Amino acid sequence: MSGPVTGPHGPSGAGPAPLDRREEAARIVAEGLRAVAEAASLEELRALQAELVGKRSALAGLGRSLGSLEPEARRVVGAELQEARSGLEEAIGSRRSALEQAERAVALQSDRLDLTEVLAGSSRGHLHLLTQTRDELEDVFIGMGYRVAEGPEVEDDWHNFEALNLPAAHPARGMWDTLYLDQGDSESILLRTHTSPVQIRVMQTQPPPIYIVAPGRVFRRDTPDARHLSTFHQIEGLVIDRGITLGDLAGTIESFTTAYFGPGMHSRLRPSYFPFTEPSGEFEVTCPICAGSGCRTCTGTGWIELGGCGMVHPNVLGAVGLDPEEWSGFAFGFGIDRCAQVRHQVPDMRVFLDNDLRLLTQF
Ligand code: DAH
């Protein structure tokens, strides 16, 4: 504010003299600017705004009292009051943006949702051990000339049992504790108990020669324990060609064992029974814990059982319209979860379903 302004006739009328008004305004501005700079919240700032430049502010009061001044002094002091008001408003405006920015930063920080669950120092996410295992198993068989096939998890009785030489009431149906769906005729639709029905679906849709593996999820009405899950994964193999023998089956299992478990690991077949193969076998691989010398895990035998296999039963070929005189083949099926457990020596299979980072980050 510039030099003293008095009307041509000196102070006159009621109210303070122009000089007093200007000093008063200067004081209001100086104090106001300090208060604005110190305002700690938007709320505080809003109160200050009303107090400093609102209708009932001291500044507004001063403005209203100008009527008593000479016109020239009124003009000059009026302009100065206006200037004081603008200065305060400007300061309030910039303080408001600063406070808003700070409040937004605080809100963003506290509203932040961490959707990653990444622990400090941990690596990026990756495929689950079971998915990695499935991929590696597929790769081994793709390398041997197989293709990957798929089938539905919800199956009908015919594909899951009947066509696999397991007619209704066949005693061997008890080998699979089946979960039925409440659909269609009673016990006609089910959650597949094994991947073997994919054999049927493939033979129904493509002519031999067939060389496929079918990995997938299977379901049983079983209580989970350290070596069993009620929802787990199998990989099925099927070969149909001319002149396929048990020797081809044994050689394939052996090649797979060495490729997947590593050099020095071997396989053997033991006679067993499955309705869809004849002869049938169980195949075992060298115990990876004791490398075959015998330990607690393999109950001293040096071998760990992995799955079932055999030569495709003529009734199965017949069910899909293949002539058993022309075509022969072998099939096998084993647990993917079991493979991962054996290879990585996981004591309890149930950890596969826990999604505990302490397990996940190890693989
Ligand atoms: N489907 C059998 C099971 O779940 C495993 C199996 C055994 C599959 C023999 C086969 C096989 O293809 O030939 O227990």
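Structure above, values below:
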quantity	calculated
Alpha-carbon centroids, segment 329-363 and segment 32-79: separation in whole Å	76
Within the chain, helix-based [θ] at 222 nm, where runs of 4 or more DSSP H residues each add -39,500 (n - 2.57), nearest 500	-12500 deg cm²/dmol
Three-way shape label, segment 15-111, alpha-carbon gyration tensor, a/c 1.5	prolate
For segment 15-111: accessible area per residue (Å², 1.4 Å)	60
Kyte-Doolittle mean at least -0.5, axial Cα span of 27 Å or more - DSSP H helices of the chain	18-38
Accessible-area order (highest first, 1.4 angstrom probe) of the listed residues T231, T252	T231, T252
Any cysteine of the chain lacking a neighbouring Cys Cβ under 4.7 Å - listed by number	C309, C339
Rounded, prolate or oblate (a/c below 1.5 giving rounded, otherwise prolate when a/b exceeds b/c) for segment 178-234 by Cα gyration tensor	oblate
GluC sites (Glu not before Pro) within segment 45-153: DSSP coil, no more than 15 neighbouring Cβ in 10 Å	E117, E150, E153
Hydrodynamic radius (Kirkwood) for segment 222-363, which is based on Cα pairs only, to one decimal in Å	16.5
Area accessible to solvent at R27, 1.4 Å probe radius, in Å²	110
Segment 15-111, accessible surface, carbon-and-sulfur percent (1.4 angstrom probe)	53
Per residue value of the accessible surface for segment 314-355 (all protein chains in place, 1.4 Å probe), Å²	42
Area accessible to solvent at L19, 1.4 Å probe radius, in Å²	70
Debye, to nearest 20: dipole size of segment 129-360, +1 on Lys, Arg Cβ, -1 on Asp, Glu Cβ	700
Convex hull of Cα atoms in segment 181-297, direction-averaged projection (nm²)	9.9
For S272, distant residues with modelled amide H under 5 Å away	S280, G281, E282
Directionally averaged shadow of segment 129-360, computed from the convex hull of its alpha-carbon atoms, nm²	12.9
Accessible area of segment 148-246 belonging to carbon and sulfur atoms, whole % at 1.4 Å probe	49
Cα centroid of segment 184-243 to Cα centroid of segment 143-180, whole Å	5
Residues whose placed amide H lies under 5 Å from that of G292, excluding near-sequence neighbours	C287
Accessible surface of F274 - all protein chains present, 1.4 Å probe, nearest 10 Å²	40
Accessible area expressed per residue, segment 165-216, with surrounding protein chains retained (probe 1.4 Å, Å²)	46
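The values are calculated or read from the model by the stated rules, or taken from the named source; none is laboratory data. As the structure is a computational prediction, the values presented were derived from the model and not from experiment. No Cβ is skipped: glycine too gets one built from the backbone with ideal geometry, and neighbour counts run over all protein chains shown. We work out accessible area using only protein heavy atoms, side chains counted, and drop any ligands, DNA or RNA first. Shrake-Rupley method; radii C 1.70, N 1.55, O 1.52, S 1.80 Å.
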